[in-house]
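*Asks:* Mind looking over this structure? Questions follow.
The values are calculated or read from the model by the stated rules, or taken from the named source; none is laboratory data. Computed from a prediction, not measured in an experiment: that's the story for all the values here. Heads up, the Cβs are rebuilt from the backbone with ideal geometry, glycines too, and the neighbour counts pull from every protein chain shown. In case anyone asks, the SASA skips ligands and DNA or RNA and just uses the protein heavy atoms, side chains included. Shrake-Rupley method; radii C 1.70, N 1.55, O 1.52, S 1.80 Å.
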Amino acid sequence: MRFRRLGRTGLDLSELTLGTSALAAAARSDIAEARAMVALALDRGINAIELDAGDNVAAALLGEMLRRENARDRVHILVRATSLVHFDLPSPHVPAQDAYPGRHLRAETEALLATLGVERLALQQLHAWCPEWQHEGDWLETLECLREEGKIAGFGMSLFDHDVAAGFEIVASERIASVQAMYNVFDPGPSRALLPLCEKHDVGVIARAPLYYGALGGMLDFPPDDWRRAYFFDEHRHETADRVTRLTTVTSPDQSVADTALRFCLSHPVVSTVAVGMRNREQLEANLRAVLAGPLDTDTRISLAEHAWLC
């Protein structure tokens with residue numbers, strides 16, 4: 001496993017981060033396989049795990065596995081804080097103090113530390129960042145206090161899909177340690193201005209949705225209770241499937257579209273790690289093979305630029 005530095009936190013993260021978005025469902029359907037997948041990830045050198053702070057099932061499973069594998073001191077937990085107000089952007093402005101009051105951030109952080117059995121979280125991130133929040137509320141003061149207390153190594157924000165410009169001001173302020181942004185073959189938009197800005201100000205970058213919510217991995221048929229079913233409405237799903245098929249002309253015979261998509265993200269030197277949701281050992285092994293194959297060659301990256309679509 002190769003490692004990359006996460007901005008000014010100074011933490012070295014594995015290039016592949018274990019995303020837990022599907023872990024709760026995996027635990028409910030096959031708890032033994034979910035445990036085996038986490039254990040295998042730790043054994044293969046993955047030291048970064050992304051967690052939604054409100055996902056109690058995934059947090060409990062991770063806490064159990066970190067204790068069982070004696071891995072609490074060598075794993076970095078990247079957390080997305082839970083907003084107290086449900087919203088989707090673009091939308092009317094939601095005040096920072098309504099979404100992320102300091103007392104809530106502290107309580108959620110300390111509860112996670114107890115559940116996971118660790119002394120410090122690597123990151124606490126505000127999700128679906130609004131630029132106005134930089135000058136609102138007490139979230140910044142609270143997160144700075146948590147960092148000084150040694151309960152988090154750093155803090156950052158997670159951008160709403162495709163909303164790259166929302167991060168420019170806060171990155172340039174050098175108040176945050178990391179940015180999480182959608183970055184994939186279909187949406188390489190962050191590479192134009194956001195990633196260079198992050199490099200200039202020593203801000204780590206977590207690439208989110210490298211497989212475009214499963215589409216670049218060949219998954220576009222979702223069960224009724226999966227939120228992606230609505231996200232990929234009929235017209236969008238058909239166009240996405242067509243564009244995925246076109247990508248096969250770029251991939252090499254021994255690489256799948258998913259392999260190429262993951263390697264694309266890590267071909268940019270400013271990306272600190274790629275967060276991928278995984279639910280079983282088969283998916284983990286496939287993602288590990290792709291990541292360990294290393295960055296793409298220049299010709300392939302140039303060919304992939306023609307498939308940019310969502311930015």
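*Asks:* Can you tell me which residue among Ala58, Ala39 is part of a helix (DSSP H, G or I) and either open to solvent by 20 Å² or more (accessible area, probe 1.4 Å) or farther than 23 Å from Tyr100 by Cβ (or both)? Spell out how you get there, then give the answer.
*Replies:* Working: Ala58 fails: either open to solvent by 20 Å² or more (accessible area, probe 1.4 Å) or farther than 23 Å from Tyr100 by Cβ (or both).
Of the residues listed, the single one that is part of a helix (DSSP H, G or I) and either open to solvent by 20 Å² or more (accessible area, probe 1.4 Å) or farther than 23 Å from Tyr100 by Cβ (or both) is Ala39.
*Asks:* Counting just the residues of the stretch 1-22 that are of a type in the set (Gly, Ala, Ser) and within 12 Å of the chain's Cα centre (by Cα), which one comes out farthest from Trp227 (Cα to Cα)?
*Replies:* Gly19
*Asks:* In addition: So Glu119 ticks every box in (1) within 25 Å of Met1 (Cα to Cα); (2) within 21 Å of the chain's Cα centre (by Cα); (3) in a loop (DSSP other than H, G, I, E, B) but one. Which box is left unticked?
*Replies:* The one condition Glu119 does not meet is (2).
*Asks:* For the stretch 269-285, which residues satisfy the criterion of being farther than 14 Å from Leu6 by Cα and either among the aromatic types (Phe, Trp, Tyr) or open to solvent by 10 Å² or more (accessible area, probe 1.4 Å) (or both)? Before you say what the answer is, go through the steps one by one.
*Replies:* First, the residues of the stretch 269-285 that are farther than 14 Å from Leu6 by Cα: 276-285.
Answer for the stretch 269-285, where residues must be farther than 14 Å from Leu6 by Cα and either among the aromatic types (Phe, Trp, Tyr) or open to solvent by 10 Å² or more (accessible area, probe 1.4 Å) (or both): Gly277, Arg279, Asn280, Arg281, Glu282, Gln283, Glu285.
*Asks:* Out of Arg243, Arg263, I need the residue that is charged (D, E, K, R), in a helix (DSSP H, G or I), open to solvent by less than 60 Å² (accessible area, probe 1.4 Å) and touching a residue at least 40 places away in the same chain (Cβ under 8 Å). Which one?
*Replies:* Details: Arg263 fails: touching a residue at least 40 places away in the same chain (Cβ under 8 Å).
Of the residues listed, the single one that is charged (D, E, K, R), in a helix (DSSP H, G or I), open to solvent by less than 60 Å² (accessible area, probe 1.4 Å) and touching a residue at least 40 places away in the same chain (Cβ under 8 Å) is Arg243.
*Asks:* Let me ask something else. Quick check on my filter: what residues within the stretch 199-240 are aliphatic (A, V, I, L, M), free of Cβ contacts under 8 Å to residues at least 60 places away in the same chain and either open to solvent by 70 Å² or more (accessible area, probe 1.4 Å) or touching a helix residue (DSSP H, G or I) at 6+ places or on another chain (Cβ under 8 Å) (or both)?
*Replies:* Initial filter on the stretch 199-240 (aliphatic (A, V, I, L, M)): 203, 205-207, 209, 211, 215-216, 219-220, 230.
If we keep only those that are free of Cβ contacts under 8 Å to residues at least 60 places away in the same chain too, we end up with 209, 215-216, 219-220, 230.
Across the stretch 199-240, the qualifying residues are Ala215, Leu216, Met219, Leu220, Ala230.
*Asks:* Here is a follow-up. Tally time: how many residues in the stretch 1-25 are in contact with a strand residue (DSSP E or B) (Cβ under 6 Å, 6 or more places away or on another chain), of a type outside the set (Val, Ile, Thr) and part of a helix (DSSP H, G or I)?
*Replies:* 1
*Asks:* Looking only at the stretch 225-264, filter to residues that are among the β-branched types (Val, Ile, Thr) and over 23 Å from Glu282 (Cα atoms); which one of those is nearest to the chain's Cα centre (by Cα)? Working first, answer last.
*Replies:* Looking only at the stretch 225-264, we keep the residues that are among the β-branched types (Val, Ile, Thr), and these are 240, 244-245, 248-251, 257, 260.
Those left that are additionally over 23 Å from Glu282 (Cα atoms): 240, 249-250.
Details: Thr240: 21, Thr249: 28, Val250: 25 Å.
Among those residues, the one meeting the criterion is Thr240.
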